[in-house]
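**Q** Okay, here's the structure, questions in a sec.
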Amino acid sequence: MAVKTTVVIPTYWMRESAVGWMEGDAVYDHPTALDTQGTIGRAIESMKVLNNRDFQLVVIACPTADDIALLVEKKVEKIVHDSASKAGVDAEVFGPSKLAEVHRLLNKAGAGEYTDLLKLKGYSTVRNLCLYTAHLLGSDVAVLIDDDEVFEDPDFMSKAVEFIGKKIDGEYAHGVAGYYLQPSGGYKVEKKLSEWMKQWGQIPSMNEAFESLIPNPPRLKKTPLVFGGNMVIHRQLFTKVPFDPNVRRGEDIDYLINARMYGYTFYLDRELSIKHLAPPKSHPDWMQLREDIYRFTYERSKLRSQRPAPGMTLLQAEDFDPYPGRFLGDELEDRVEAACVLLSEEYRRNRDQAGWSESLKNLEITTDPAFPGFNPFEAVISLQKRWKSLMTLTETDAWRTGIFNQLR
């Protein structure tokens, strides 16, 4: 492979099944219980189909609680070691103990102010660790994959790096997005839509975007959306722009927005697909809707709070049509109200008082004039400056060698 590449897969682990979630534990869609094997082994073993395995694999081990951190790390290390041996790939595990060592080295170097950027809690901060490990390895390209996916295309890795960092119609492709294949093999989201989902319109808008990007030439198209489990990011981008920790969900599309603000372009490659075999989500509909309302309201606020700034591009909601653009404009309140009312009625019919109440509480997010309580655009500018400084500080061979001597 001409460019040095790191494939990074985060894997999320919770307490044993009999214990389940406890107050204070991190919340993820479908973390793996410690008494099960999860899907990370399947994902790694599927790499044996790849024609080109000239890459470094890093698995980020993410516990939902500190008191199970070492158990998670040991469990993931064993699974990764066994699976990587079968697949014929070179793999490392980056977990809590290694993160603690990175923090120690940063503090020793007088750079403790940056440790909050590198954490194992929250989707966005974990994605930043994905970027940071690729940076420490001196990679030109980071390929982000999720642990509930399997490789089916033998040429996936060759396609992933084929265009990254190159000029496409006069613009550099600093980011390339692939897409997910559903269990059936199609690219559209396959889900039976209840009435509230139809009014909310998220899945129809996503499928409309897929239809405009995937089935027809050209192979590469500028894209309004990306998938966190099939993203290819060039060093020129991942050392400059981080994921926004203030985004609890949908961090992938939010990253695209931030990248666009800083003048970087993502292209969707209609030939770069990976099979997505996600376990069912364990959280109720009102909670999933709340997280979507939160992130769309936050991202809309980020767009609305823009100001002219050196090296940055002013963006509008329409730049991301049909998805997520339709959820970043003036009609968001109407969508939220229609969806929440219909969802609450569904809960009422099912005699679920708690679900009914929580659905109506979701209405308060977009109508709160103080939300999110700070200027998201200014927060991104501050975050980007700190991230860039961290990357510059730790880009020397001496620093990288020092850390990886400690980590291995």
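One line per residue, one yes/no per condition, for (1) under 16 Å from the mean Cα position of the chain (by Cα); (2) of a type in the set (S, T, N, Q); (3) outside any helix (DSSP H, G or I); (4) surrounded by fewer than 20 Cβ atoms within 10 Å (Cβ to Cβ):
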residue	(1), (2), (3), (4)
GLN199	no, yes, no, yes
PRO204	no, no, no, yes
ALA209	no, no, no, no
PRO218	no, no, yes, yes
ARG248	yes, no, yes, yes
MET287	no, no, no, yes
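**Q** SER357 versus (1) over 30 Å from GLY138 (Cα atoms); (2) surrounded by 14 or more Cβ atoms within 10 Å (Cβ to Cβ): which is the lone unmet condition?
**A** (2) is the only condition that SER357 fails.
**Q** Are any residues in the stretch 120-145 part of a loop (DSSP other than H, G, I, E, B) and surrounded by 22 or more Cβ atoms within 10 Å (Cβ to Cβ), and if so, which ones?
**A** Filtering the stretch 120-145 down to residues part of a loop (DSSP other than H, G, I, E, B) leaves 120-122, 137-140.
The answer is LEU120, SER139.
**Q** Could you tell me which of the residues LEU225, LEU272, LEU256, LEU237 is modelled with pLDDT of 95 or more, of a type outside the set (Lys, Arg) and assigned to a strand (DSSP E or B)? Please lay out each step first, then the result.
**A** Numbers: LEU225 fails: assigned to a strand (DSSP E or B); LEU256 fails: assigned to a strand (DSSP E or B); LEU237 fails: assigned to a strand (DSSP E or B).
LEU272 is the lone residue from the list that is modelled with pLDDT of 95 or more, of a type outside the set (Lys, Arg) and assigned to a strand (DSSP E or B).
**Q** Given the options ILE233, ILE203, name the one that is in contact with a His (Cβ under 9 Å, 6 or more places away or on another chain) and among the β-branched types (Val, Ile, Thr). Before you say what the answer is, go through the steps one by one.
**A** Working: ILE203 fails: in contact with a His (Cβ under 9 Å, 6 or more places away or on another chain).
Unique residue meeting the criteria: ILE233.
**Q** Which of the helices (runs of 4 or more DSSP H) found entirely inside the stretch 292-399 contain at least 3 residues meeting this: more than 18 Å from PRO242 (Cβ to Cβ)?
**A** Working: elements: 332-349, 353-361, 363-367, 376-393.
The qualifying helices (runs of 4 or more DSSP H) are 332-349, 353-361, 363-367.
**Q** Next question, about the same structure. Mind checking whether some residue in the stretch 257-266 is crowded, with 19+ Cβ neighbours inside 10 Å, over 30 Å from GLU333 (Cβ atoms) and touching an Asp or Glu at 6+ places or on another chain (Cβ under 9 Å)?
**A** No, because not a single residue in the stretch 257-266 is crowded, with 19+ Cβ neighbours inside 10 Å, over 30 Å from GLU333 (Cβ atoms) and touching an Asp or Glu at 6+ places or on another chain (Cβ under 9 Å).
Every residue, every condition in (1) under 22 Å from LYS86 (Cβ atoms); (2) of a type in the set (Gly, Ala, Ser); (3) in contact with a helix residue (DSSP H, G or I) (Cβ under 9 Å, 6 or more places away or on another chain), yes or no:
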| residue | (1), (2), (3) |
| --- | --- |
| PRO10 | yes, no, yes |
| ALA18 | no, yes, no |
| TRP21 | no, no, no |
| ASP29 | no, no, yes |
| ASP35 | no, no, no |
| ARG42 | yes, no, yes |
| VAL49 | yes, no, yes |
| PHE55 | yes, no, yes |
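**Q** State which residue pairs qualify: first residue without any contact (Cβ under 8 Å) to a residue 24 or more places away in the chain and assigned to a loop (DSSP other than H, G, I, E, B) and inside the stretch 158-183, second residue among the small types (Gly, Ala, Ser) and buried (at least 18 other Cβ atoms within 10 Å of the Cβ) in any location, beta carbons under 7 Å apart, and separation of 6 or more residues or different chains.
**A** LYS166/ALA173
**Q** Which of (1) over 21 Å from the mean Cα position of the chain (by Cα); (2) within 19 Å of ALA278 (Cα to Cα) does MET14 not meet, given it meets every other one?
**A** So MET14 meets the others, but not (1).
The values are calculated or read from the model by the stated rules, or taken from the named source; none is laboratory data. Bear in mind that the values here come from a model prediction, so they are computed numbers and not experimental data. Here Cβ is always computed from backbone atoms with ideal geometry, including for glycine, and neighbour counts include all displayed protein chains.
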